[in-house]
1. For the range 179-204, which positions are touching a residue at least 24 places away in the same chain (Cβ under 8 Å), away from the ligand (no atom under 16 Å from the Cβ) and of a type in the set (A, V, I, L, M, F, W, C)?
2. Could you check the range 34-55 and list, in sequence order, the residues that are outside any loop (DSSP other than H, G, I, E, B) and either surrounded by fewer than 22 Cβ atoms within 10 Å (Cβ to Cβ) or more than 16 Å from the ligand (Cβ to nearest atom) (or both)?
3. If I ask for residues that are open to solvent by less than 50 Å² (accessible area, probe 1.4 Å) and either more than 25 Å from LEU220 (Cα to Cα) or basic (Lys, Arg) (or both), which ones from the range 172-188 would you list?
4. Against the definition (open to solvent by 50 Å² or more (accessible area, probe 1.4 Å) and out of contact with any helix residue (DSSP H, G or I) (no Cβ under 6 Å at 6 or more places or on another chain)), how does SER124 come out, yes or no?
5. So, LEU31, is that one within 24 Å of ILE222 (Cβ to Cβ) and surrounded by fewer than 22 Cβ atoms within 10 Å (Cβ to Cβ) or not?
6. What number goes with the only condition from (1) at pLDDT below 95; (2) closer than 24 Å to PHE140 by Cβ that GLN72 does not pass?
7. All but one of (1) of a type in the set (A, V, I, L, M, F, W, C); (2) part of a loop (DSSP other than H, G, I, E, B); (3) buried (at least 16 other Cβ atoms within 10 Å of the Cβ); (4) out of contact with any helix residue (DSSP H, G or I) (no Cβ under 9 Å at 6 or more places or on another chain) hold for LEU68; state the number of the condition that does not hold.
Amino acid sequence: MLLNIHTHQAEKQADEQIIYNYIIPEVEEELASFTENINANDWLSIGIHPWFISENNQKTQLEKLRQLAYNQTVKFIGECGLDRLKGSPLPLQEEIFIKQIRIAEEVKKPIIIHCVKCFNELLSIKKIVRPKVPMIVHGFNNNQQIAQTLLERGFYLSLGAAILNLDSNAAQILKKMPLEKLFLETDDSAISILEIYERASFLLNIPQNILVDTIFSNYLEISSQSIKITQ
Ligand SMILES: [Zn+2]
């Protein structure tokens with residue numbers, strides 16, 4: 001089974017286990033009816049995206065997240081994080097991100113992170129807050145040095161459609177990635193996760209079935225690591 005750790009497409013395109021992402025809405029009316037259609041068999045990540053932090057309803061957004069976070073179907077908190085190019089002012093993004101890290105700690109679930117041009121801030125937050133739950137930076141496509149630093153500080157990296165472009169940072173990084181820190185995803189792209197696994201196994205020069213098993217066991221590992229945490 002191909003694990004697709006982060007997608008916004010509810011429709012499966014291959015023999016895959018998707019972790020479908022729900023973004024907590026900004027608007028009050030949408031917040032009220034949100035998740036009425038959650039299926040008990042889904043695997044979800046739920047979080048407040050840094051683009052959609054409500055100035056007025058952030059408390060309700062956080063309450064909604066805390067409520068849902070305990071649900072069995074919710075496997076990750078996020079995507080949450082920091083974006084220098086879009087969304088609320090950075091100090092507010094940081095505050096809401098830290099609050100979501102605390103919720104993840106409370107429910108003992110790993111965090112899936114959106115980070116655009118804020119890696120120093122991300123590293124400082126990790127240093128200050130010291131979350132024990134694993135943190136995965138999703139859609140990573142930055143340079144080798146940032147990748148190296150994140151890996152050294154214990155982050156996991158999830159790579160997506162960018163690896164299909166051989167000149168991308170993501171494709172270059174993949175070749176040197178420690179496999180036990182790797183995840184793959186489609187995010188909002190229309191590309192099939194199968195294509196991403198095929199390309200990854202080519203770049204890593206390992207059989208696809210080994211890659212599939214490794215990534216699935218990485219998932220089991222971060223989930224059990226989270227559950228074992230004692231506060
Ligand atoms: Zn996403």
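The values are calculated or read from the model by the stated rules, or taken from the named source; none is laboratory data. Just so it is clear, the model here is predicted, and its values are computed rather than measured. For neighbour counting, all protein chains shown are included, and Cβ atoms are generated from backbone atoms with ideal geometry for every residue, glycine included. Accessible surface areas use protein heavy atoms only, side chains included; no ligands, DNA or RNA. Shrake-Rupley method; radii C 1.70, N 1.55, O 1.52, S 1.80 Å.
1. LEU179, LEU182, LEU194, ALA200, LEU203, LEU204 - these are the residues of the range 179-204 that are touching a residue at least 24 places away in the same chain (Cβ under 8 Å), away from the ligand (no atom under 16 Å from the Cβ) and of a type in the set (A, V, I, L, M, F, W, C).
2. So the first thing to find is which residues in the range 34-55 are outside any loop (DSSP other than H, G, I, E, B), and the list is 44-47, 50-52.
LEU44, TRP51, PHE52 - these are the residues of the range 34-55 that are outside any loop (DSSP other than H, G, I, E, B) and either surrounded by fewer than 22 Cβ atoms within 10 Å (Cβ to Cβ) or more than 16 Å from the ligand (Cβ to nearest atom) (or both).
3. Of everything in the range 172-188, just one residue is open to solvent by less than 50 Å² (accessible area, probe 1.4 Å) and either more than 25 Å from LEU220 (Cα to Cα) or basic (Lys, Arg) (or both), namely LYS181.
4. Numbers: open to solvent by 50 Å² or more (accessible area, probe 1.4 Å): yes; out of contact with any helix residue (DSSP H, G or I) (no Cβ under 6 Å at 6 or more places or on another chain): yes.
Yes: the conditions hold for SER124.
5. no
6. Here GLN72 clears every test but (2).
7. (2)
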